[in-house]
Amino acid sequence: MQMKKIILIMIIIFLTAAVLPAGAQSFSDLPANHWAYDAINKLVEAGIIEGYPDGEYKGQRTMSRYEMAVMVSRALDNVYNELDTLDAGLTMGQAEDAAAVIRALMEKNLQDEITDGQVEEVADIVDALTYEMEAELRVLGVEINKSAQALEELEATIAELKIPEDNIEFTAAVNSVFESANYKGENNSEIAAAMKLWADSDALDLDLPVNTAGDVVLPQNTETISDYAKRVDDWKDADDLPSEKRFWQEYDFKIKGDLGDSSFNLELDTITNVFTEEDSAFAYAEADQNQLQMDSALLTVDYNQKLFKRLRAGDLDDYHLTRYFVDEEDVEAVEVRTGYFDLDWTFFTGGFGQADNDQLFLIKTKKEFDTAEIYGEINQLRGSDRITNLELGFKDYYLTDQAKTAAAVVFNKSKNKDTDDVFFNLRGDYAVGDNSDIYAVVDSAGEEFTSYKGDLEEDYDFDLFKLGFDYQLNQDSELMIAYSLVQIGDQIQADKIYGNQDKNIIELALNNKNGAFKNKLAVEYTINDNYTDNYQSRLIELASEYALSERTTAAAALVNKNQDNDGTNVINYNYLKANLDLELTDSISWQNEAKYILGEVEAPETEGESNAFTTSLRVNF
């Protein structure tokens, strides 16, 4: 019965809101033509929200949990007051208000107004029907009461039942992949040039084979392919370089389910090459075999409890620990997220596989306050070095409604180098209206700082100053502009044979959505790259995606890169990629990718050219 009253109150509130005009403007910063003007004033009239002492509403300010609690409490007070009133029955004033609401709705939704005579005719019809069906209505009322009583008894019975909520789902997929590539060239130098082009950070971004010292090893004109293979100690990402012929299958298994308050998801990816031995232009090859090999596995468990929130164990692709330590690396690890002592905690331990002895460890805790989020973190590397980092910082600290800041300081120590130093980061954001944002970033690393596998501008001994501007042109277009100045110290200049100039980076990006098209343009121009005078770098990226239909998507991308050191070529190429993805049925999809790269590397300029085509058919069960 209480629920029915609440529903009735909500209906009256919504009906009233639909026909009553909004009140007068309440806040100095809320113009009458603002899209939320009516809604805000209705909540003010209801006593649910109020402004600040200076007469402003401050619509861009983030609402705290305390403010949310006050709003919910006031809304509930309104509901409870109406419930108390309904218990005593409708007053004459409430009845007149309800009649006015009904009349207003009828006038709003009918083209012609209802006359008094029409109202009397309707009343006479209702009276006549009531008299004719008096007996039936009496019986119906009894039956309704019985049904309501039976429904209440049924609800009580269901509430006492312990219905199992476990739900397990098993799915599998078979992906058959064929790849064919061509390395154009008459000697090993041209093949090596093509390998360098594919591996560039703005193409496929791969690590080339290395020797025991960690130096990149490429085929030479004076050796056979088999001799080249003997010089390679670690093939690194050679399996991701396009192969002249490769035909393999991937078997993916997923098991997910709900067990009470917890849910889990187990993903197993296996790979087998049962069709033919791989052909490669540079000696690397997967043998023909029909045994399943585990490629990756990941278990994720989510638990809706404060103490234990999430567990992930297995292969984590492109995992981000921190920018200065390990950023976007494939790891094998265990990650646990918990809540303890009113803090959010993350525990992590992992590595890079059996062939790598380096082990990673992390403990991080954070707490959100009304004004900012404060966090602390300890991470460590054990293996090739003993690197320990202690990080303290905060983010989303609002100086004003439009301005916020973030800062972090990292204390770094390397056991092998017997060094310790500091990394510092500061960022500020300022919202200029609703559609644009200006930001500034400062990064500073000491000359003895050790970054390991981070993604800083340099590993150590540098200062970076960046100023950026993001502007939402319209609902479908966004423009981003940034300028960076990077300065280095004497230590890294000597270690890496850099110049002594300041590096300047200018970035421009435009993202656009036009109907079924998604387009991207990005331009990056670097002056004094490698901190060397007259060392220029230019990168242009164009990409477009088009949804031909609900089941078919086509995409194309072009990368043009040119690095020139005072007139001497470093690397230049054009990389073109095209994709066509078709969803043949709900369970069968077909993906196709063609890519082509042509360019020159180093001096004397050696031309590299290669193309590849990959097609795959995926069947889900």
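Can you spot a residue in region 499-522 that is surrounded by 14 or more Cβ atoms within 10 Å (Cβ to Cβ), touching a helix residue (DSSP H, G or I) at 6+ places or on another chain (Cβ under 7 Å) and more than 30 Å from residue 437 (Cβ to Cβ)? Yes, the conditions are met somewhere in region 499-522.
Of the residues making up region 169-200, just one is in contact with a Ser or Thr (Cβ under 6 Å, 6 or more places away or on another chain), polar (S, T, N, Q) and more than 16 Å from residue 282 (Cα to Cα), namely 175. Entry remark, region 494-543: residues being closer than 21 Å to residue 459 by Cβ and of a type in the set (Val, Ile, Thr) number 4 in total.
Of everything in region 443-500, what is assigned to a loop (DSSP other than H, G, I, E, B), under 22 Å from the mean Cα position of the chain (by Cα) and either within 27 Å of residue 413 (Cα to Cα) or aliphatic (A, V, I, L, M) (or both)? Give them in sequence order. Selection gives 454, 455, 456.
Scanning region 20-37 for residues that are surrounded by 15 or more Cβ atoms within 10 Å (Cβ to Cβ) and either at pLDDT 50 or above or assigned to a helix (DSSP H, G or I) (or both) yields 26, 27, 29, 30, 34, 37.
Being part of a loop (DSSP other than H, G, I, E, B), of a type outside the set (Ser, Thr, Tyr), without any contact (Cβ under 8 Å) to a residue 12 or more places away in the chain and surrounded by fewer than 16 Cβ atoms within 10 Å (Cβ to Cβ) is a condition met by at least one residue of region 428-442.
Every residue, every condition in (1) farther than 30 Å from residue 404 by Cα; (2) surrounded by fewer than 16 Cβ atoms within 10 Å (Cβ to Cβ); (3) touching a residue at least 40 places away in the same chain (Cβ under 8 Å), yes or no:
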position: 327; (1), (2), (3): no, no, yes
position: 333; (1), (2), (3): yes, no, no
position: 337; (1), (2), (3): no, no, no
position: 341; (1), (2), (3): no, yes, no
position: 344; (1), (2), (3): no, no, no
position: 360; (1), (2), (3): yes, no, no
position: 363; (1), (2), (3): no, yes, no
position: 370; (1), (2), (3): no, yes, yes
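Looking across region 225-270 at every residue that is under 23 Å from residue 175 (Cβ atoms) and among the β-branched types (Val, Ile, Thr), the one that is modelled with the lowest pLDDT is identified as 270. Within region 555-575, the residues that satisfy the criterion of being within 23 Å of residue 519 (Cβ to Cβ) and either touching a His at 6+ places or on another chain (Cβ under 8 Å) or surrounded by fewer than 16 Cβ atoms within 10 Å (Cβ to Cβ) (or both) are 556, 558, 574. Would you say residue 543 is part of a strand (DSSP E or B) and within 30 Å of residue 506 (Cβ to Cβ)? Criteria met by residue 543.
Screening residue 491 on (1) touching a residue at least 60 places away in the same chain (Cβ under 8 Å); (2) within 21 Å of residue 446 (Cα to Cα) shows it passes everything except condition (1). Once region 447-483 is narrowed to residues that are under 23 Å from residue 326 (Cα atoms) and among the polar types (S, T, N, Q), the residue that is surrounded by the fewest Cβ atoms within 10 Å (Cβ to Cβ) is 451. For first residues located in region 379-397 and under 20 Å from residue 426 (Cβ atoms) and touching a residue at least 24 places away in the same chain (Cβ under 8 Å), partners that are of a type in the set (Phe, Trp, Tyr) and surrounded by fewer than 17 Cβ atoms within 10 Å (Cβ to Cβ) and lie 6+ apart or on another chain with Cβ distances below 8 Å form the pairs 389/411; 391/411.
The values are calculated or read from the model by the stated rules, or taken from the named source; none is laboratory data. Everything numeric in this text was worked out from a predicted model, so none of it was measured. Glycine also receives a Cβ, built like all others from the backbone with ideal geometry; neighbour counts cover every protein chain displayed.
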